[in-house]
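Asker: Have a look at this one.
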Amino acid sequence: MADKKPVRVWVDGCFDMVHFGHANFLRQAKKLGDVLVVGIHSDVEIAKHKGPPVMKEEDRYKMVRSIKWVDEVIEDVPYVTELETLDKYNCDFCAHGDDITLDSDGRDTYRIVKEQGRYKECRRTAGVSTTDLVGRMLLMTKTHHLVGARNSPIPEGKTNNEASCSNLKSPYTGISQFLPTTNKIIQFAEGKDPNPGDKIVYTAGAFDLFHVGHVDFLEKVSKLGNYVIVGLHTDEEVNRYWCGNYPIMNLHERTLSVLACRYVNEVVIGAPYTVTNSLLDHFGVDVVAHGMTPTKPSATGENPYEIPTNKGIFKLVDSCNDMSTSKIVDRIIENRRNYQERNERKEQKEIRLIEMMEEQNKNAQQFQHYSESNFQK
Ligand code: CTP
Ligand code: C5P
């Protein structure tokens, strides 16, 4: 019997400031077929249709490649999805979240594949978006540490109440709340114990706004052994050593971001700051790794890596990448006005399309009512 041809799924997008909402979308898209092919728009293409992206294309490409459900990445693909592109990469259909993406003329970028019946939809992950993350960075409050808290960026010149009372809201660009569940963790986790004899590597940190520096670091860490455990510090601990409104992502969100990374096998949700003997024994750790960023002392002033250092199992790993969470925040603050204007423009285009669709629905209903009453006569 001939082998069944693998189903190739095409998805495309900006994947700017990749977050676990993107990862959850890629997870769902992969389940629609056998091979997941991700097309990513270049900086120039995004600037033309949406406004300049926060992250450079090389970083966006690398971030998507690091997500464990992704099989192939195609760089610099057109903003409007064309049949020629799907055919060129032998993809059966295209998948997208159940929101609308509009081009610079305000038209649906998936109109062609939808018309040809080569389009499938996944559920968008509520409560996380680039807009939401930018809002948290600009607000400088810590409400996002509370699970399910709303974090809405207040438009300049508006009070919180005026902003929330405004009718001019798009369901795609606005802010909602992410509710973490055990099911989501199960879906993201690998669920595999190490094999006997595996070399176990442990590394701990904040991994806030999971970025390309973390990816480069974890890729190198994964080469030190064959089972990588990442310990995530609690929000209180991260706030102790970073102060301000850090972490920008709470522990549940950071857990999902790290679990989506192909170089990670397991995550400790709320790891102790000091690497203790009992932690090393519990997981059978062979190597403890840390990057070149300075290590902050523990709350009691000690070196958190004293025990693994004395045992001779502590290794410094150079990611050769100087990206940091605070650099991303600085970039957003410097470009505050640009990002706010970009989101306002995006939301206005979406509202116009929603109004048009509502109008068309109303007209169709009136027409149906008119034909039915004429038929009954
Ligand atoms: N996506 C999703 N859930 C989210 C965010 C994005 O399912 N919370 C999906 C989108 O529907 C799309 C894909 O991820 O299919 C890539 O999204 P992208 O092009 O980066 O754009 P946005 O939807 O604008 O993502 P964001 O709002 O976070 O910038
Ligand atoms: O700063 P944070 O706690 O998120 O970093 C987690 C780990 O990633 C640390 O070991 C840090 O040194 C490493 N890292 C890196 N290169 C970067 C950013 C972080 O090696 N650019």
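Asker: Would you mind finding the one in Val18, Val38, Val64, Val80 that is within 13 Å of ligand 1 (Cβ to nearest atom), part of a loop (DSSP other than H, G, I, E, B) and within 25 Å of Leu218 (Cα to Cα)?
Answerer: On the way: Val38 fails: part of a loop (DSSP other than H, G, I, E, B); Val64 fails: part of a loop (DSSP other than H, G, I, E, B); Val80 fails: within 25 Å of Leu218 (Cα to Cα).
Of the residues listed, the single one that is within 13 Å of ligand 1 (Cβ to nearest atom), part of a loop (DSSP other than H, G, I, E, B) and within 25 Å of Leu218 (Cα to Cα) is Val18.
Asker: From Ala23, Ala95, which residue is among the hydrophobic types (A, V, I, L, M, F, W, C), under 24 Å from Met323 (Cα atoms) and either touching a Lys or Arg at 6+ places or on another chain (Cβ under 9 Å) or surrounded by fewer than 15 Cβ atoms within 10 Å (Cβ to Cβ) (or both)?
Answerer: On inspection, the qualifying residue turns out to be Ala23.
Asker: Given the structure, is Lys4 more than 20 Å from Arg107 (Cα to Cα), of a type in the set (Lys, Arg), outside any strand (DSSP E or B) and out of contact with any Asp or Glu (no Cβ under 8 Å at 6 or more places or on another chain)?
Answerer: Values: more than 20 Å from Arg107 (Cα to Cα): yes; of a type in the set (Lys, Arg): yes; outside any strand (DSSP E or B): yes; out of contact with any Asp or Glu (no Cβ under 8 Å at 6 or more places or on another chain): yes.
Yes, satisfied.
Asker: Of all residues in the range 217-263, which are more than 19 Å from the chain's Cα centre (by Cα), assigned to a loop (DSSP other than H, G, I, E, B) and either of a type in the set (A, V, I, L, M, F, W, C) or within 16 Å of ligand 1 (Cβ to nearest atom) (or both)?
Answerer: Result: Leu224, Cys243.
Asker: May I ask you to list the residues in the range 221-268 that are farther than 23 Å from Val329 by Cβ, open to solvent by less than 10 Å² (accessible area, probe 1.4 Å) and in contact with a Ser or Thr (Cβ under 6 Å, 6 or more places away or on another chain)?
Answerer: Within the range 221-268, Val221, Val228 meet the criteria.
Asker: Counting only residues that are more than 10 Å from ligand 2 (Cβ to nearest atom) and small (Gly, Ala, Ser), which one in the range 285-299 is surrounded by the most Cβ atoms within 10 Å (Cβ to Cβ)?
Answerer: If we take residues in the range 285-299 being more than 10 Å from ligand 2 (Cβ to nearest atom) and small (Gly, Ala, Ser), then Ser298 is surrounded by the most Cβ atoms within 10 Å (Cβ to Cβ).
Asker: With respect to Val329, determine if the residue is of a type in the set (Val, Ile, Thr), touching a helix residue (DSSP H, G or I) at 6+ places or on another chain (Cβ under 6 Å) and within 15 Å of ligand 2 (Cβ to nearest atom).
Answerer: Taking the combined requirement at face value, the residue satisfies it.
Asker: Condition test on Ile100, is it open to solvent by less than 30 Å² (accessible area, probe 1.4 Å), in contact with a helix residue (DSSP H, G or I) (Cβ under 9 Å, 6 or more places away or on another chain), more than 16 Å from ligand 2 (Cβ to nearest atom) and under 28 Å from Asp208 (Cβ atoms)?
Answerer: Criteria not met by Ile100.
Asker: If the Cβ limit is 6 Å and pairs must be 6+ apart or interchain, which residue in the range 22-49 that is touching a residue at least 12 places away in the same chain (Cβ under 8 Å) pairs with which residue that is crowded, with 23+ Cβ neighbours inside 10 Å and among the charged types (D, E, K, R)?
Answerer: Between residues of the range 22-49 that are touching a residue at least 12 places away in the same chain (Cβ under 8 Å) and residues that are crowded, with 23+ Cβ neighbours inside 10 Å and among the charged types (D, E, K, R), the close pairs are Gly39/Asp12; Ile40/Arg60.
Asker: While we're here: Which count do you get for residues in the range 303-344 that are among the hydrophobic types (A, V, I, L, M, F, W, C), without any contact (Cβ under 8 Å) to a residue 40 or more places away in the chain and open to solvent by less than 70 Å² (accessible area, probe 1.4 Å)?
Answerer: 3
Asker: For the list (1) more than 16 Å from ligand 1 (Cβ to nearest atom); (2) of a type in the set (Val, Ile, Thr); (3) over 30 Å from Lys223 (Cβ atoms), I need the number of the one condition that Thr295 fails.
Answerer: Condition (3) is where Thr295 drops out.
The values are calculated or read from the model by the stated rules, or taken from the named source; none is laboratory data. This one's a predicted model, so the numbers in the text were calculated from it and none came from an experiment. Heads up, the Cβs are rebuilt from the backbone with ideal geometry, glycines too, and the neighbour counts pull from every protein chain shown. With ligands, DNA and RNA removed, areas are computed over all heavy atoms of the protein, side chains included. Shrake-Rupley method; radii C 1.70, N 1.55, O 1.52, S 1.80 Å.
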